[in-house]
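Report on the structure given below.
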Amino acid sequence: MTQDVGSRQIEPEAATHGILLNPTRRPTASTEHYARIEPGCRHRRTLSVMADLLFADDKTASRYTLHDGNDLVSVLDYRDDGRTVALTRAFTVPTFRGHGYAAVITERAVDAIERAGDREILPVCWYVGEWFEAHPERAGLVHRRPAS
């Protein structure tokens, strides 16, 4: 059975992983940032489950990924022009929604960009924009467009 997604037909298993997601691709040693989510993060997962969350920066695909065990649960696409990182699309696989994964991947991406210290963040994605509104203490990282 296929599912109609706009003008494309996709198999149900592909639909659960979202368009453009590759559920078999795992972070590798070539990904520059690969870290476990540490306990105490602000989101709805329990501490025991949080230890299984893996965050990675897949620079070749210009996206951050978040895995829960073997499952790719969320991605955050970006564009980096050398001065500003535009966070363009946060996506959580539909079967994993409602567990705070989008908040986790957004927070980890912001942390990684802040650690690098040489980029501002342009929140293009509506979710990332709302995340910054909920975290005004991080507003100093947001790129401000010059007034015209």
Just to be sure I understand, how many residues within the range 58-71 are surrounded by 23 or more Cβ atoms within 10 Å (Cβ to Cβ) and either assigned to a loop (DSSP other than H, G, I, E, B) or touching a helix residue (DSSP H, G or I) at 6+ places or on another chain (Cβ under 7 Å) (or both)?
2
Just to be sure, is A102 touching a Cys at 6+ places or on another chain (Cβ under 6 Å), buried (at least 19 other Cβ atoms within 10 Å of the Cβ) and without any contact (Cβ under 8 Å) to a residue 60 or more places away in the chain?
no
Is it fair to say E137 is in a helix (DSSP H, G or I), farther than 16 Å from L76 by Cβ and not aliphatic (A, V, I, L, M)?
yes
Output the qualifying pairs, or none if there are none: Cβ atoms under 8 angstrom, residues six or more apart or on different chains, first residue in the range 121-148 and among the basic types (K, R), second residue assigned to a helix (DSSP H, G or I).
R138/V110; R138/E114; R138/F132
Quick check on V49: is it at pLDDT below 95 and not in a loop (DSSP other than H, G, I, E, B)?
yes
Counting just the residues of the range 114-148 that are more than 14 Å from A90 (Cα to Cα), of a type in the set (A, V, I, L, M, F, W, C) and out of contact with any helix residue (DSSP H, G or I) (no Cβ under 8 Å at 6 or more places or on another chain), which one comes out surrounded by the fewest Cβ atoms within 10 Å (Cβ to Cβ)?
A147
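The values are calculated or read from the model by the stated rules, or taken from the named source; none is laboratory data. None of these values were measured; they are calculated from a predicted model. Note: ideal-geometry Cβ built from the backbone for every residue, glycine included; neighbour counts use all protein chains shown.
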